[in-house]
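Let me begin by presenting the structure, written as structure tokens, before commenting on it.
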Amino acid sequence: MLARARSAAAALVLVAVSSLSAPAAAKAGREAAPARPVAAEILMDAATGAVLRAHNADVPTYPASLTKMMTLLLAFEALDRGQLRLDQPLPVSYHATTMAPSRLGVAPGDTIRVEEAILALSTKSANDVAVVLGEAMAGNEVAFAQAMTRRARELGMKRTVFRNASGLPDRAQRTTARDMAILSRVLVRSHARYYPYFSRRSFDWQDQTIHGHNRLLDRYDGMDGIKTGYIAASGFNLAASASRDGRRLIAVVLGGESAAKRDRRIVELMDIGFRSRAPVKPGDALVSDPKPEEARRPAAAAAAAAATGGWAIQTGAYGTLQAARQDAESVRKELGALAAAAKPAVQRSGALFKAQLVGFDGASARSACESLKRAKRDCITLQQRP
């Protein structure tokens, strides 16, 4: 009887599936298929914050274990305030031990010193210890994630939301390549005392040596940090920093197809940056040459911009005409009445396409730029040639 019941149930399932129309079945298949990770990257000058190269830098995706960079930032700040001490033992909760790998393997009721916890995150990327640190600072992981998000906003990480201390999968936990570069820059520049933890290849824990995940520390000249990450939804992530001849760069690659491809792209970006010796201001970009058809288009736009006379504002420089146009249109809408008489324009300069709004007088151009700067947007005023 049980066997016949199971056979009948299976038959009903087959009939139900076969009764779907072809379009409906195709739609169901599309909805069930997982989305591919977002491929994004950014290259930044650590001294000035200037963006040297970017692709999908503001497209939201998942941070994975790059989340632990914020966990560590808050730990460094707690150390500076005296809230934590490097030799302070932290209790391990049951909740912390339930985290999925990667784990250090601490047990409920154990303790781990703050410095050991920092090394467990910077090298092993231990999810259990990330929770231990978060609970020590905020009482519980939920409260700590809220503190992480607040700090992100204070740093200008506009598109980042944290929901846990580790980076384990959560649909609401999102970031961008630009935001991760901002966070990397803060860690590099504002926490020089603690930044060497990101250079550690290994550390000793309970009679064993724990090795790190960042292979580029040994393979790329000048590389000294900072953090790798991976979940299926994010792909292979890496925020990296390297210094040569007194110049420091930050590169972030998100959504790599493999750790090896991610690492190769970081190397390519770093090489591009170190080869460049052109002076760069915040908001500018050093990018690859545009496609031939794009290179022919900006002439008309530049002529139209020059014909308006007066003053202009410039809000960014991009590697494609389309990106510059989109930025100019977006800024015009953002400014509203302050740009009522202005028109979007794109000015070609070598391999760059500069997003501009033209048609201002001097006072209105300055007012528009001041408004954008208050919103933490880059802007410069330009007096156009007649």
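Each value in this text was obtained by applying a stated rule to the coordinates, not by laboratory testing. This structure is a prediction, so every number in the text was calculated from the model and none was measured. Because the Cβ atoms are built from the backbone with ideal geometry, glycine has one as well, and the counts that use them run over all protein chains shown.
Here each label is just a point 7 Å from Cα along the line to Cβ, and for R36 and T48 those points are 3.4 nm apart. Here the calculated FRET efficiency for R244 and S202, from their Cβ-Cβ distance with R0 = 25 Å, stands at 0.55, rounded to the nearest 0.05. Cα centroids of segment 100-135 and segment 357-380: 47 Å apart.
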